[in-house]
1. Specify the residue that is most open to solvent (accessible area, probe 1.4 Å); the eligible residues are those in the range 3-25 that are within 20 Å of VAL248 (Cα to Cα) and of a type in the set (Gly, Ala, Ser).
2. Sort out which residues of the range 202-248 are closer than 17 Å to VAL30 by Cβ and open to solvent by 60 Å² or more (accessible area, probe 1.4 Å), and write them in order of number.
3. How many residues does the range 1-34 contain that are in contact (Cβ under 8 Å) with a residue 60 or more places away in the chain and part of a loop (DSSP other than H, G, I, E, B)?
4. Given the condition out of contact with any Cys (no Cβ under 8 Å at 6 or more places or on another chain) and open to solvent by 90 Å² or more (accessible area, probe 1.4 Å), answer yes or no: does some residue in the range 26-36 qualify?
5. Checking the condition out of contact with any strand residue (DSSP E or B) (no Cβ under 8 Å at 6 or more places or on another chain), among the aliphatic types (A, V, I, L, M) and surrounded by 17 or more Cβ atoms within 10 Å (Cβ to Cβ), which residue from MET129, MET111, MET118, MET87 passes?
6. With ALA141, ALA156 as the choices, which residue is touching a residue at least 12 places away in the same chain (Cβ under 8 Å), of a type in the set (Gly, Ala, Ser) and open to solvent by 50 Å² or more (accessible area, probe 1.4 Å)?
7. Considering only the range 161-182, state which residues are part of a loop (DSSP other than H, G, I, E, B) and open to solvent by 70 Å² or more (accessible area, probe 1.4 Å).
8. So in the range 37-70, with the set limited to residues that are touching a residue at least 12 places away in the same chain (Cβ under 8 Å) and either polar (S, T, N, Q) or closer than 24 Å to THR152 by Cβ (or both), which one is most open to solvent (accessible area, probe 1.4 Å)?
Amino acid sequence: MAILRWLRRNLVVIAGLCTLAYLLLPNVIVTVFSFNKPKGRFNYSWQEFSTDAWQNPCDVADMCGSLSLSLQIATWATIGATVLGTMIAFALVRYRFRARGAINSLIFLPMAMPEVVMAASLLTLFLNMGAQLGFWTVLIAHIMFCLSFVVTAVKARVMSMDPRLEQAAQDLYAGPVQTFLRVTLPIAAPGIAAGALLAFALSFDDFIITNFNAGSTVTFPMFVWGSAQRGTPVQINVIGTAMFLVAVLLVLAGMLIGKRRNKQSR
């Protein structure tokens, strides 16, 4: 009976820990196998501990080139989607105009539409326009499907903003630009940052839309897919582990900055 009572009291904690372990298990496996030294072409079974892959992460031909290309596309797609998405979010929340409701609904279409359908549609569009498939078609496609996620994140933040703060700034003789830079933008910054991080992750990780519209361009997800047909180099696990660690560090940094701001506000 004592065990049952303990389980009832801690059921939520246990469920949370099990869910967290389930989510982190693939990352743990990727990290462990980044120190493996397989005897064959496939890195699917543990052989022996080695740091060779960490010492030579670019030892596999064309891997670092595809990684660099993915980072470039993700960076520019994040910038484009964040700028456009932020302006759209402010327009949808702050202004009243015709077809506002229809636009609000259409914004969610790329999020609800299957990726393969969107990829085929974009490919048809680019071919009919006579565009050469490559870096720019991939970038345009990534900005398009990242835009909805940025608008959703920023819009939620803007809707929760208190308009009296901006009115107070105007009462203190702050101009429109000064009000935006010193009041509106800092308050909306968490939503903008969340949308930007989500856009970067989605762009860097995308395979289906990229594969349809890349032409001869090879991004990192496409390189991983191609390598899986011939053999999986350990360096792929190294890159995956490094990306995971960077994401964890960014989250921890955001938490520390948030705690410091809360302490200062008190």
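1. Selected residue: ALA21.
2. If the condition is that a residue be closer than 17 Å to VAL30 by Cβ and open to solvent by 60 Å² or more (accessible area, probe 1.4 Å), then ASP205, TRP225, MET243, PHE244, LEU245, VAL246 are the ones that fit.
3. Adding up the residues that qualify gives 1.
4. Taking every residue of the range 26-36 in turn, none turns out to be out of contact with any Cys (no Cβ under 8 Å at 6 or more places or on another chain) and open to solvent by 90 Å² or more (accessible area, probe 1.4 Å).
5. One residue alone meets the criteria, MET118.
6. None of the other options fit; the residue is ALA156.
7. Residues satisfying the conditions are LEU172, TYR173.
8. ASN56
The values are calculated or read from the model by the stated rules, or taken from the named source; none is laboratory data. It should be emphasised that the depicted structure is a prediction, and the values quoted were computed from it without experimental measurement. Heads up, the Cβs are rebuilt from the backbone with ideal geometry, glycines too, and the neighbour counts pull from every protein chain shown. Keep in mind that these areas ignore ligands, DNA and RNA; they rest on the heavy atoms of the full protein, side chains included. Shrake-Rupley method; radii C 1.70, N 1.55, O 1.52, S 1.80 Å.
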